[in-house]
Amino acid sequence: MPLRIIINADDFGLSPDVNEAVAKAHRHGILTSASLIVAGDAWEHAVDLARQMPRLALGLHVLAVNGPAVLPTEHIPLLLDHRGRFPNAPLRLGLLYFLNRRARRQLERELHAQFDRFAATGLPLSHVDGHMHMHVHPAVFTIVLKLAVEYRARGFRLPRDEWWPPRVRTPDAIVMRCLSAPCAKRLRQRGLAVPRRCYGLARSGRMDEQYVLDLLRRINAPSAEIYFHPACDHRLDPAGPNPGDLATLLSPAVRQEILSRGMQLSTYADIQEA
């Protein structure tokens with residue numbers, strides 16, 4: 001069987017610039033899937049675009065750190081900063097979610113609101129993933145898994161690159177691989193599809209053409225997801241949405257490599273195994 005490969009864009013809905021990059025990468029490039037931030041400044045614009053692109057699979061990019069929330073601060077005061085946003089403090093929030101029952105109840109309330117907002121679009125829920133992969137934190141995962149099943153998501157991202165080459169063995173990659181390992185069995189039991197490999201963490205915001213070509217040549221698995229952060233504007237954070245990722249998604253060389261290796265551009269609906 002051909003290797004099924006999901007090409008996903010994160011941060012859909014973050015800004016009009018990111019939305020236009022996602023649309024361009026899908027219409028003219030290899031993008032098959034996108035993950036929507038339903039609290040993003042341009043989430044409604046993203047939904048309008050998604051309705052014009054029925055072949056673009058749309059998932060939910062759960063936000064529980066470093067970004068906007070759906071609910072106001074008075075509903076989830078333990079979670080948000082003075083701006084009404086989740087702070088960029090994954091370690092502190094991770095400990096809070098793990099140790100504080102009230103914080104977990106507030107988090108469940110917010111995540112339920114995020115799933116509700118996605119459901120209100122009427123678009124099918126392809127998959128669930130999370131900003132900065134907070135969705136695989138043990139306390140957060142339990143909530144997100146329940147909601148993913150309730151809202152009939154087809155699949156679920158686990159950040160599980162290979163342990164090699166050594167350049168991917170960053171502390172973040174090791175932590176995420178360890179957090180993801182116990183999740184796979186629970187996802188399989190609930191019928192959620194998970195690609196065997198998922199790439200993007202080691203080079204987040206720097207998914208240049210040569211790296212992706214090398215990656216495509218070494219993938220040895222029946223299914224994989226490669227996620228990007230495309231944008232058009234050079235002024236955006238180089239570690240996040242960026243035009244370099246968009247250029248790779250539009251690259252004729254990358255498309256030709258996928259075709260020459262007999263890989264099948266896919267979505268979570270096409271993936272079977274966890």
What pairs can you find where one residue is in segment 72-90 and over 17 Å from A139 (Cα atoms), the other is aromatic (F, W, Y) and not in a helix (DSSP H, G or I), and their Cβ atoms are less than 8 Å apart, with a gap of 6+ or different chains? L80/F86
Going through segment 211-226 one residue at a time, which ones are part of a strand (DSSP E or B) and among the hydrophobic types (A, V, I, L, M, F, W, C)? A224, I226
Pairs returned, first residue in segment 138-154 that is in a loop (DSSP other than H, G, I, E, B), second residue that is at pLDDT 95 or above and among the β-branched types (V, I, T), beta-carbon separation under 7 angstrom, 6 or more apart or interchain, are A153/V128
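Within segment 127-152, how many residues are within 11 Å of the chain's Cα centre (by Cα) and polar (S, T, N, Q)? Before the answer, list the steps.
Going residue by residue through segment 127-152, those that are within 11 Å of the chain's Cα centre (by Cα) are 127-135.
Narrowing the set further to residues that are polar (S, T, N, Q) leaves none.
Going through segment 127-152 one residue at a time, the tally reaches 0.
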Criterion (under 23 Å from V22 (Cβ atoms), loosely packed, with under 14 Cβ neighbours inside 10 Å and in contact (Cβ under 8 Å) with a residue 40 or more places away in the chain) met by exactly one of A231, A253: A253
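Quick check on G94: is it surrounded by 23 or more Cβ atoms within 10 Å (Cβ to Cβ), small (G, A, S) and closer than 18 Å to I143 by Cα?
Values: surrounded by 23 or more Cβ atoms within 10 Å (Cβ to Cβ): no; small (G, A, S): yes; closer than 18 Å to I143 by Cα: yes.
Spelling it out, it is not the case that G94 is surrounded by 23 or more Cβ atoms within 10 Å (Cβ to Cβ), small (G, A, S) and closer than 18 Å to I143 by Cα.
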Only listed residue being in contact (Cβ under 8 Å) with a residue 40 or more places away in the chain, touching an Asp or Glu at 6+ places or on another chain (Cβ under 9 Å) and closer than 14 Å to A9 by Cα, chosen from A69, A64, A25: A25
Can you tell me how many residues in segment 31-64 are within 25 Å of A253 (Cβ to Cβ), surrounded by fewer than 21 Cβ atoms within 10 Å (Cβ to Cβ) and touching a helix residue (DSSP H, G or I) at 6+ places or on another chain (Cβ under 6 Å)? 1
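The values are calculated or read from the model by the stated rules, or taken from the named source; none is laboratory data. Every value quoted in this text rests on a predicted model; they were computed, and no experiment measured them. We place every Cβ from the backbone using ideal geometry, glycine too, and count neighbours over all the protein chains shown.
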